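Below you'll find the structure, written out as structure tokens, and then a few comments.
The values are calculated or read from the model by the stated rules, or taken from the named source; none is laboratory data. Just so it is clear, the model here is predicted, and its values are computed rather than measured. Cβ placement follows ideal geometry from the backbone for every residue including glycine, while neighbour counts extend to all protein chains displayed. Accessible surface areas use protein heavy atoms only, side chains included; no ligands, DNA or RNA. Shrake-Rupley method; radii C 1.70, N 1.55, O 1.52, S 1.80 Å.
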Amino acid sequence: GGSLGNTGTINAGSARYGVTLLTGGVVSNTGAAALIEGSRYGIRANGAAATVANSGIIRGTSTVNGGGVGLYAGGTVTNSGTIIGAGHYGVYVNGGLGTVSNSGGIVGVLDGVGLTDGGMVANTGSIGGTGDFGVYIGGGGGTVTNAGTIGGGVDAVQFVGAFADRLIIDPGAVFNGQVKGGSGSNTLELAAGTAGATGTLSGFATGFTGFGTITVDGGARWQLDSTDTIGSSVALTDAGTLGNAGLIDTTVTVA
């Protein structure tokens, strides 16, 4: 695969792709003024796994099918800038595992991030899918870690399939929309915050569905609000501190 570093402007106009990698490779779009855009995709890669690092702007401009980054043989996207899909996905990965690390902003008119062969999304910034899902993972096991904001027009996060999926929530994380596990054995993990921060889990019974195990990490502090219920079919493992003002109708294992 090839390698491209951009600190200026690559504007394909009405052409389909700003940058195309035919056999995978690496694209670095560096600096707040750096721009890569095309009508169909800002960056498209196939043939082999690709790596995209962005601190500028990557944009697919077509309101019909414009996507930000499309990796069609798996790969990794690290974003501290802005990725926009004006008509499709912000980031789309299939044909292999996808890894997306976001501390900036990713938005798609369909999904913010779509991984169709499993993978990982770690978010400390903002991910939005205005028409569908903030994050969609199917076709393989998935892990989503959220310390920022994830929102979707339908659901914030959607796992699909009989896989062992994992949702890790940091205190202060925001989900605008429901979070739905797939049909496999799924875990919701409540992580420890910085400086002993306490997280609040609200609307668990309706906002987080399809998770058969809830794990409170060591050193973590979480509070259930007064309307929350954890049902008898859910395994709750508490190695931290869980404050309850609702109903826990299950077995708690303290590690």
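Tabulated results
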read-out: Matching residues, the stretch 15-52, being open to solvent by 60 Å² or more (accessible area, probe 1.4 Å), assigned to a strand (DSSP E or B) and closer than 19 Å to ILE84 by Cβ; value: THR20
read-out: Residues being part of a strand (DSSP E or B), closer than 19 Å to PHE163 by Cα and not aliphatic (A, V, I, L, M) - total across the stretch 134-150; value: 4
read-out: Count of the stretch 1-14 residues which are touching a strand residue (DSSP E or B) at 6+ places or on another chain (Cβ under 6 Å) and either assigned to a strand (DSSP E or B) or loosely packed, with under 14 Cβ neighbours inside 10 Å (or both); value: 8
read-out: Matching option when the condition is among the small types (Gly, Ala, Ser) and open to solvent by 10 Å² or more (accessible area, probe 1.4 Å), among GLY74, GLY128; value: GLY128
read-out: Breaking point among (1) modelled with pLDDT of 75 or more; (2) open to solvent by less than 60 Å² (accessible area, probe 1.4 Å), for THR229; value: (1)
read-out: Lone qualifier among GLY199, GLY161, GLY182, GLY172 - being within 19 Å of the chain's Cα centre (by Cα), over 17 Å from GLY98 (Cβ atoms) and either assigned to a loop (DSSP other than H, G, I, E, B) or touching a residue at least 12 places away in the same chain (Cβ under 8 Å) (or both); value: GLY172
read-out: Qualifying positions in the stretch 136-184 - open to solvent by 10 Å² or more (accessible area, probe 1.4 Å) and of a type in the set (D, E, K, R); value: ARG166, ASP170, LYS180
